[in-house]
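Accompanying notes for the structure given below.
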Amino acid sequence: MGLVFIASCVLSTDVSHLTINWGSILVILATFCWGLENNFTRVLSDKNPIQIVIVKGMGVGLGTLIVALVDQENWPVLPIIGIALLLGFLSFGVSIFFYILAQRYIGAARTSAYYALSPFLSTFIAIMFLRESVTFQLVLATLMMIAGSYVVVRETFSHAE
């Protein structure tokens, strides 16, 4: 996990100006909170997944609504609200439902190990379709994350046997 954290710091630092990107630090903090939340979900994984998704969805929705109200965001038109609700259902609700089932049937550690592949897929998509540049920082951080993920996956599967 230390390698993944250091790799995140490599991506969050502008070495030409020796400054830290605060947005990246907030992403790291959000990831830490996501890890905590996943551990809490593991405790609940033997409960009804639909009920867990509803409670988590209401929490996320309420939190997002509070942020929007504090930031004084304008309300979108009704069709946009419907599309956003459908997108949330598909991207958040369905994925959390299957995540909970995976934790129940293959365990939290293995589920997290499989989820660890998503940043690499996202990076590949960003390079291929969004034409993101491949920098030394990106290559270095990717290699560190691969090493860190390998260690986590190896440890996860060796302890599961």
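The values are calculated or read from the model by the stated rules, or taken from the named source; none is laboratory data. Everything quoted here is computed from the prediction, not taken from an experiment. Positions of Cβ are backbone-derived with ideal geometry, glycine not excepted, and every protein chain shown enters the neighbour counts.
Some notes on this structure:
- Residue within segment 39-47 that is surrounded by 14 or more Cβ atoms within 10 Å (Cβ to Cβ), closer than 30 Å to Ala141 by Cα and either hydroxyl-bearing (Ser, Thr, Tyr) or in contact with a Phe, Trp or Tyr (Cβ under 9 Å, 6 or more places away or on another chain) (or both) present: yes
- Ser91 passes every criterion in (1) within 17 Å of the chain's Cα centre (by Cα); (2) free of Cβ contacts under 8 Å to residues at least 40 places away in the same chain; (3) under 26 Å from Tyr150 (Cβ atoms) apart from (3).
- Residue that is nearest to Ile106 (Cα to Cα) [pool: residues in segment 48-64 that are surrounded by 11 or more Cβ atoms within 10 Å (Cβ to Cβ) and small (Gly, Ala, Ser)]: Gly57
- Inspection of segment 80-87 finds a residue satisfying the criterion of being at pLDDT 90 or above and under 18 Å from the mean Cα position of the chain (by Cα).
- Residue that is surrounded by fewer than 15 Cβ atoms within 10 Å (Cβ to Cβ), closer than 26 Å to Phe40 by Cα and of a type in the set (A, V, I, L, M, F, W, C), where the choices are Leu143, Leu69, Leu90, Leu130: Leu90
Here's the yes/no breakdown for (1) within 26 Å of Phe98 (Cβ to Cβ); (2) in a helix (DSSP H, G or I); (3) under 16 Å from the mean Cα position of the chain (by Cα):
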residue: Val134; (1), (2), (3): no, no, no
residue: Gln137; (1), (2), (3): no, yes, no
residue: Leu140; (1), (2), (3): no, yes, no
residue: Ser149; (1), (2), (3): yes, yes, yes
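- Restricting segment 8-37 to residues that are β-branched (Val, Ile, Thr) and surrounded by 12 or more Cβ atoms within 10 Å (Cβ to Cβ), the residue that is modelled with the lowest pLDDT: Ile20
- Evaluation of Ala68 against (1) touching a Ser or Thr at 6+ places or on another chain (Cβ under 7 Å); (2) free of Cβ contacts under 8 Å to residues at least 12 places away in the same chain (one fails), failing number: (1)
- Members of segment 47-76 found to be touching a Gly at 6+ places or on another chain (Cβ under 8 Å) and of a type in the set (Gly, Ala, Ser), listed by number: Gly57, Gly61
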